Amino acid sequence: MTDNKKTKKQKREERSASNSSDDENKEKKTTQKDDKKKSEEIEEKVASDQITDNQNGGGEKGEEDDVDFGPLEKVYQEINGYSIAREVKAKLREQGKYEETTALSYGEIDFSAFCEVVAEANPKQGDIFVDLGSGTGKAVLVAASIFPFEKLIGIEICKELHDSAVKALSLITESAPDSILGRVEFLCGDIFQKENVEKWIKADVIFVNSTCFTEEMMEQLKEALKEVKMEATIITTTVHIEQAGRFQLISSSRRKLAKGMLTFHQ
């Protein structure tokens, strides 16, 4: 009898231990499930933060994020600068003009990110804004829409891109004539031609997408910039202007473009 009771007791203990082990396993599985859920929630939040960070060009959220870019976005649904630039470069290559395609590598600003860049220049009422190599006019038109510039000028050497900028200006003035009409001017020509230089050296904020500039073009730019006003802000991409005693680098930041990212200096 003692042996049988002992055996039954052992069995009860074994069952109890087994139930305890099952409970522990269930608890462990529940904990793992909860941890997985929490992990997924964290990953989703991180991914969301990264998307927001990229949309803001890696900077902090500013007032420009609340701006409605709807009218501009609608205009540029009809204008594809990348496609236009590709066609122009293809034609030049067919003609054997490979050197002329070097500086025609095309890139477009992201509206919100570019507003953040211009805001750092602290534009004031009555200031003049110039875009050297203005493409389809995006930078000029978004600056005209948001900031109190008295005059905005875009200079583009490629006629096809210039024509698209003129078209964009015509389309946007139909929906927002009061904010832009009479303040924006697009010129077709070489930014280093004397008559064009005389126009843009008077500007308070000068934007140059200099990423694909040749060394010769950068030297020409530096030479021309000797004539700008001392308090002017020069915004360049990838390469910043180095001129002892003339320009001081205030900031460098990675910002979103319509496609990809780019470093802006000012």
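The values are calculated or read from the model by the stated rules, or taken from the named source; none is laboratory data. Only a predicted model underlies this, so the values are computations on that prediction, with no experimental measurement involved. For neighbour counting, all protein chains shown are included, and Cβ atoms are generated from backbone atoms with ideal geometry for every residue, glycine included. Accessible surface areas use protein heavy atoms only, side chains included; no ligands, DNA or RNA. Shrake-Rupley method; radii C 1.70, N 1.55, O 1.52, S 1.80 Å.
Would you calculate the separation in nanometres between label points at LYS159 and ASN122, each defined as 7 Å from the Cα along the Cα-to-beta-carbon direction?
Simple spin-label model gives 4.4 nm for this pair.
Using a 1.4 angstrom probe with every protein chain in place, what is the largest-first accessible-area order of HIS240, HIS162?
Largest to smallest exposure gives the sequence HIS240, HIS162.
Keeping all protein chains in position, work out how much accessible area GLU120 exposes to a 1.4 Å probe, and write it in Å² to the nearest 10.
90
Solvent-accessible area of PHE69, probe 1.4 Å, all protein chains present, reported in Å² to the nearest ten, please.
Spelled out: PHE69, probe radius 1.4 Å, area about 20 Å².
Given the Cα-Cα distance of LYS226 and LEU181 and 0.36 nm per residue of separation, how much length would full extension add, in nm?
Roughly 13.1 nm would be gained on extension.
Run the numbers for SER253 and LYS194: contour at 0.36 nm per residue of separation, minus the present Cα-Cα distance, in nm.
Contour length minus the Cα-Cα distance gives 18.1 nm.
Using a 1.4 Å probe on the protein heavy atoms, what percent of the accessible area of the range 140-266 belongs to carbon and sulfur?
Its accessible area is 51 percent carbon and sulfur atoms.
For the range 152-245, just list the percent of Cα-Cα distances falling in each 10 Å bin from zero outward, please.
14, 43, 32, 11, 1
Would you please give the residues with an amide H less than 5 Å from that of LEU187, counting only those at least 5 places away or on a separate chain, with H modeled from the backbone geometry?
Here GLY154, ILE155, GLU156 satisfy the definition.
Holding the Cα-Cα limit at 18 Å, pick out from LYS138/LYS167; LYS89/LYS159; LYS91/LYS256; LYS91/LYS167; LYS199/LYS226; LYS222/LYS259 the pairs that are longer than that.
Violating the 18 Å Cα-Cα cut-off are LYS91/LYS256; LYS91/LYS167; LYS222/LYS259.
Obtain the nm distance between the two label points defined at ASP68 and TYR82 by a simple spin-label model: each point lies 7 Å from its Cα along the Cα-to-C-beta direction.
About 2.8 nm separates the two model spin labels.
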